[in-house]
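Notes follow the structure.
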Amino acid sequence: MQKQDNAANKLHSEIMERSGQDFYNCIQCGKCTAGCPVVSAMDLLPREVLLYLQMGQEEKLLNSKTPWICASCFTCGARCIKDLDLCRIMEAIRVKILRPRGAECLSPGEIPRELLEKLPQQALVSGFRKRTR
Ligand code: SF4
Ligand code: SF4
């Protein structure tokens, strides 16, 4: 139990430090989730990400699709009555997952040229932000 508590505390401080957001301020009002355009594809709702962070449920967060589905659209932050920036929290969770792998998960050289020409630049930049350290 002591070990679990230490792991939870470590996750708290890492995500809080990287995101600059105090997720304990979240009151679970759900306004973020109600405005999220991609919530139907998520396995954890945006407000649940905050809840599990508060509860120190590291496994649930690190195994969730939600931080990768998040489109970094800033809608949730604009709606949050506590001024929490969920984009930064989602990004901090992605970095937490990627960093131990010690390598970038998406390399420009591995994207086929024909795909590079077709993909919107915004999608490419977003992909690199999500999948590189
Ligand atoms: S930033 Fe992510 S979680 Fe927030 S509303 Fe947009 S897609 Fe949803
Ligand atoms: S809008 Fe803000 S306070 Fe409300 S559930 Fe979402 S993160 Fe928490």
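The values are calculated or read from the model by the stated rules, or taken from the named source; none is laboratory data. Every value quoted in this text rests on a predicted model; they were computed, and no experiment measured them. Virtual Cβ from ideal backbone geometry, glycine too; neighbours counted across all protein chains shown.
Summary of computed values
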quantity: Residue match in region 84-97 (condition: outside any helix (DSSP H, G or I), at pLDDT 80 or above and assigned by TED's automatic domain parsing to the domain that holds M16); calculated: yes
quantity: Residue ID - nearest to ligand 1 (Cβ to nearest atom), chosen from residues in region 61-83 that are at pLDDT 95 or above and of a type in the set (A, V, I, L, M, F, W, C); calculated: C76
quantity: Residue pairs meeting the criteria (Cβ under 7 Å; at least 6 apart or on separate chains; first farther than 18 Å from G20 by Cα, in region 44-57; second near ligand 2 (Cβ under 9 Å from one of its atoms)); calculated: L45/T33
quantity: Residue within region 24-36 that is of a type outside the set (F, W, Y), surrounded by fewer than 16 Cβ atoms within 10 Å (Cβ to Cβ), touching a helix residue (DSSP H, G or I) at 6+ places or on another chain (Cβ under 7 Å) and modelled with pLDDT under 95 present; calculated: no
quantity: Test: residue in region 104-118 that is within 16 Å of ligand 1 (Cβ to nearest atom) and surrounded by 12 or more Cβ atoms within 10 Å (Cβ to Cβ); calculated: no
quantity: Enumeration of residues in region 74-92 that are surrounded by fewer than 14 Cβ atoms within 10 Å (Cβ to Cβ) and not acidic (D, E); calculated: F74, A78, I81
quantity: Residues located in region 39-57, provided they are away from ligand 2 (no atom under 14 Å from the Cβ) and within 13 Å of the chain's Cα centre (by Cα); calculated: D43
quantity: Count of residues meeting criterion [free of Cβ contacts under 8 Å to residues at least 40 places away in the same chain, within 10 Å of ligand 1 (Cβ to nearest atom) and outside any loop (DSSP other than H, G, I, E, B)] in region 13-43; calculated: 2
